[in-house]
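Down below is the structure, laid out as structure tokens.
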Amino acid sequence: MSGRVDGDPLTSSAFTSPVLPGTGWPDDPATASTPVAEGAADVRALAARADSLHDLDARVSVCRACPRLVAWREEVAVTKRRAFADEPYWGRPIPGWGDPEPKVLIVGLAPAAHGGNRTGRIFTGDRSGDWLFASLHRVGLAAKATSTHAGDGQRLLRARMVAAVRCAPPANKPTNDERDTCAPWLEEELREVLPSVRAIVALGGYGWDAALRTLGALGAVVPRPRPKFGHGVEVTLPKPSGGTVQLLGCFHPSQQNTFTGRLTEPMLDAVMIRAKEVGDD
């Protein structure tokens with residue numbers, strides 16, 4: 001961990017990089033006494049014992065179960081990108097964020113090294129987030145068109161965002177073991193919010209697979225053969241406790257997709273409009 005202390009661009013408060021839990025970072029759910037998972041068994045046990053969504057978020061945000069991911073996220077938080085050299089980096093896992101009783105759930109892959117890993121909020125502070133929040137605002141699922149940092153006043157409206165893997169991975173590619181170690185966090189979060197969720201937007205094939213895998217782990221009957229991901233693909237799935245949820249596929253708003261035109265603003269908006277329509281039914 002870096003001994004250097006930098007000023008937060010929003011609050012002007014001083015923080016180390018990575019940020020210590022309970023030191024005042026905006027929307028930090030953890031305290032110095034939040035239990036820390038040190039391995040896969042700890043993740044499953046601590047996720048199952050969380051007594052609220054907030055408690056689950058806190059436990060997620062201090063997880064140290066995957067040594068490679070811990071080392072990478074903290075190295076990035078210390079070395080930083082030149083444009084953010086004078087800012088503190090969150091440098092910890094990113095909990096889910098948004099409405100605790102969402103109608104729309106957005107599932108992505110993992111935080112970006114200089115996005116969520118820096119700002120402390122998923123899809124915040126990077127180009128993918130710029131596209132995503134602008135679309136959510138246009139369709140009425142976000143209060144603002146931009147999201148720059150935790151505590152910036154952005155709010156999701158009847159929506160929530162989660163990542164399948166909660167730490168920024170090297171080259172944006174978690175291993176299967178890291179995916180599986182992290183899975184109980186997503187399972188418990190989905191268990192908490194699924195009663196209110198009407199639509200799940202899966203960003204990219206990874207988000208699609210994570211959504212199907214998690215629903216299956218919770219007892220939902222997933223069709224065989226498993227539905228294939230595609231932009232605009234929509235599948236109706238039964239909830240384990242009754243009712244149904246619509247799973248919607250959406251190309252990830254990565255620069256690889258947006259710069260090449262594989263994903264356009266109208267394409268992204270169309271999926272989000274559909275998700276909002278399902279949520280409003």
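The values are calculated or read from the model by the stated rules, or taken from the named source; none is laboratory data. Remember, predicted model here, so these are calculated numbers, not experimental data. Every residue, glycine as well, gets a Cβ built from its backbone with ideal geometry; the counts of neighbours run over all protein chains shown.
Structure data summary
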quantity	calculated
Flag if Thr11 is over 21 Å from Cys182 (Cβ atoms) and in contact with a strand residue (DSSP E or B) (Cβ under 8 Å, 6 or more places away or on another chain)	no
Residues being in a loop (DSSP other than H, G, I, E, B) and in contact with an Asp or Glu (Cβ under 9 Å, 6 or more places away or on another chain) - total across the range 58-88	10
Selected residue (criterion: farthest from Met161 (Cα to Cα)) from residues of the range 187-236 that are modelled with pLDDT of 95 or more and among the basic types (Lys, Arg)	Lys228
When residues of the range 35-57 are limited to those that are in contact with a Cys (Cβ under 8 Å, 6 or more places away or on another chain) and assigned to a loop (DSSP other than H, G, I, E, B), the one farthest from Asn176 (Cα to Cα)	Val36
Those residues of the range 118-128 which are more than 11 Å from the chain's Cα centre (by Cα) and touching a residue at least 40 places away in the same chain (Cβ under 8 Å), in sequence order	Arg118, Arg127, Ser128
Which listed residue is of a type outside the set (Asp, Glu), part of a loop (DSSP other than H, G, I, E, B) and either surrounded by fewer than 24 Cβ atoms within 10 Å (Cβ to Cβ) or at pLDDT 95 or above (or both), from Arg179, Arg121	Arg121
Residues of the range 77-105 classified as more than 16 Å from Thr124 (Cα to Cα) and touching a Gly at 6+ places or on another chain (Cβ under 7 Å), total	2
Checklist (1) closer than 13 Å to Trp97 by Cα; (2) out of contact with any Asp or Glu (no Cβ under 7 Å at 6 or more places or on another chain) applied to Glu178, failing item	(1)
Of all residues in the range 53-71 being small (Gly, Ala, Ser) and without any contact (Cβ under 8 Å) to a residue 40 or more places away in the chain, the one that is surrounded by the fewest Cβ atoms within 10 Å (Cβ to Cβ)	Ala71
Residue list for the range 130-170, filter: surrounded by 19 or more Cβ atoms within 10 Å (Cβ to Cβ), free of Cβ contacts under 8 Å to residues at least 60 places away in the same chain and outside any loop (DSSP other than H, G, I, E, B)	Asp130, Phe133, Ala142, Leu156
Odd one out for Ala47 among (1) touching a helix residue (DSSP H, G or I) at 6+ places or on another chain (Cβ under 8 Å); (2) hydrophobic (A, V, I, L, M, F, W, C); (3) farther than 13 Å from Trp185 by Cα	(3)
Output for the range 240-258, where each listed residue is in contact with a helix residue (DSSP H, G or I) (Cβ under 9 Å, 6 or more places away or on another chain) and without any contact (Cβ under 8 Å) to a residue 12 or more places away in the chain	Asn257
Contacts under 9 angstrom Cβ, first residue in the range 260-281 being of a type in the set (A, V, I, L, M), partner surrounded by fewer than 13 Cβ atoms within 10 Å (Cβ to Cβ), 6 or more apart	Met267/Gly232; Ala270/Gly232; Val271/Gly232
Filter result for Phe15 (aromatic (Phe, Trp, Tyr) and surrounded by fewer than 17 Cβ atoms within 10 Å (Cβ to Cβ))	no
Residue count, the range 76-117 (criterion: without any contact (Cβ under 8 Å) to a residue 24 or more places away in the chain and basic (Lys, Arg))	1
